[in-house]
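See structure below.
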Amino acid sequence: MENNIIIRETVKDDAPEMLTYLGQIGTETDFLTFRFGEELQLSTAKLEQSIESIYNRKNALNLVAKCDGKIIGNLKFSGGTKTRTAHTGEFGITVLKDYGGKGIGTRLLSKFIEWSRDSKLIRKINLRVRTDNEKAIHLYKKFGFVEEGIIKRDFLINEVFYDSIAMGLLID
Ligand SMILES: CC(C)(COP(=O)(O)OP(=O)(O)OC[C@H]1O[C@@H](n2cnc3c(N)ncnc32)[C@H](O)[C@@H]1OP(=O)(O)O)[C@@H](O)C(=O)NCCC(=O)NCCS
């Protein structure tokens, strides 16, 4: 399978399939800030606009992982839109359950960090991860992300609060 996987920047034409992908991801995990349908109301046109905007920004990146032409993973980062926060931003990463544990998340994150270093613009990467998301925390620590603090009650899912860990990676 390894050989059939490519990771590249997401382009406008990916929008229709990305919409389907996000729909599937939204049903597969409770570790994200959105549940597709109820919270994430997206149309192809809106998604196209968002992809185009990120593509044209120097401090934002949207990566897609594809296996035999099918979207199986995604990483989205957006730096601040003001001068004082343009050097930093948060990202989110997802991989389809069926393709998990095969190094796709590692490859997405690796490419993103390489892009951040090459950008000469990004100096700090932030993320928030649910405290019980051990797999994601393991992945982030592998790349040198460190815990910076706990955000209490960050998620409210089916009447249950979940805390998040704020993690960060300095880019020097
Ligand atoms: C988190 C996620 C992106 C990881 O993607 P992936 O392609 O499965 O990741 P990889 O295969 O590259 O790496 C997984 C690592 O976690 C480890 N791992 C797997 N299960 C684990 C667990 N329960 N506890 C700790 N580590 C675990 C693997 O051994 C591997 O580490 P290694 O490279 O040191 O061997 C994916 O599981 C996902 O999309 N989850 C749902 C959405 C999500 O939680 N996103 C992050 C929100 S902050």
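Scanning region 84-113 for residues that are more than 15 Å from the chain's Cα centre (by Cα) and farther than 21 Å from residue 29 by Cβ turns up 84, 85, 86, 87.
For region 122-146, the tally of residues that are near the ligand (Cβ under 8 Å from one of its atoms), in contact with a helix residue (DSSP H, G or I) (Cβ under 6 Å, 6 or more places away or on another chain) and assigned to a loop (DSSP other than H, G, I, E, B) stands at 0. Could you please let me know if residue 166 is surrounded by 15 or more Cβ atoms within 10 Å (Cβ to Cβ), within 28 Å of residue 84 (Cβ to Cβ) and of a type in the set (Gly, Ala, Ser)? Here the answer is yes, as residue 166 does meet what is asked.
Evaluating residue 101 against the criteria (1) exposed (fewer than 11 other Cβ atoms within 10 Å of the Cβ); (2) at pLDDT 95 or above; (3) more than 20 Å from residue 75 (Cα to Cα) leaves one unmet condition, (3).
A Cβ distance below 9 Å, combined with a sequence gap of six or more or placement on separate chains, defines the contacts here; from region 80-108, residues that are over 21 Å from residue 167 (Cβ atoms) and in contact (Cβ under 8 Å) with a residue 24 or more places away in the chain reach residues that are among the small types (Gly, Ala, Ser) and crowded, with 16+ Cβ neighbours inside 10 Å in the pairs 96/73; 99/65; 99/73.
Only one of the listed residues (47, 40, 63) is surrounded by 17 or more Cβ atoms within 10 Å (Cβ to Cβ) and in contact with a Phe, Trp or Tyr (Cβ under 9 Å, 6 or more places away or on another chain). That residue is 63. Collect the residues in region 1-16 that are part of a helix (DSSP H, G or I) and either of a type in the set (Ser, Thr, Tyr) or within 20 Å of residue 102 (Cβ to Cβ) (or both), keeping them in residue-number order. If the condition is that a residue be part of a helix (DSSP H, G or I) and either of a type in the set (Ser, Thr, Tyr) or within 20 Å of residue 102 (Cβ to Cβ) (or both), then 2, 3, 4 are the ones that fit. Filtering region 67-109 to residues that are part of a helix (DSSP H, G or I), more than 9 Å from the ligand (Cβ to nearest atom) and of a type in the set (S, T, N, Q) leaves 83, 85. Please tell me if residue 125 is more than 22 Å from residue 25 (Cα to Cα), within 12 Å of the chain's Cα centre (by Cα) and of a type outside the set (Lys, Arg). It is true that residue 125 is more than 22 Å from residue 25 (Cα to Cα), within 12 Å of the chain's Cα centre (by Cα) and of a type outside the set (Lys, Arg). Cβ-Cβ contacts under 6 Å between residues 6 or more apart (or on different chains), taken from a first residue in region 129-144 that is of a type in the set (A, V, I, L, M, F, W, C) to a second residue that is assigned to a helix (DSSP H, G or I) and near the ligand (Cβ under 6 Å from one of its atoms), are listed as 129/136; 139/105.
You will find that of 19, 42, the residue that is among the aliphatic types (A, V, I, L, M), assigned to a loop (DSSP other than H, G, I, E, B) and more than 29 Å from residue 120 (Cα to Cα) is 42 and no other.
The values are calculated or read from the model by the stated rules, or taken from the named source; none is laboratory data. Please read these numbers as outputs of a predicted model, since none were measured by experiment. Don't worry about glycine lacking a Cβ; one is built from the backbone with ideal geometry, like all the others, and counts go over all protein chains shown.
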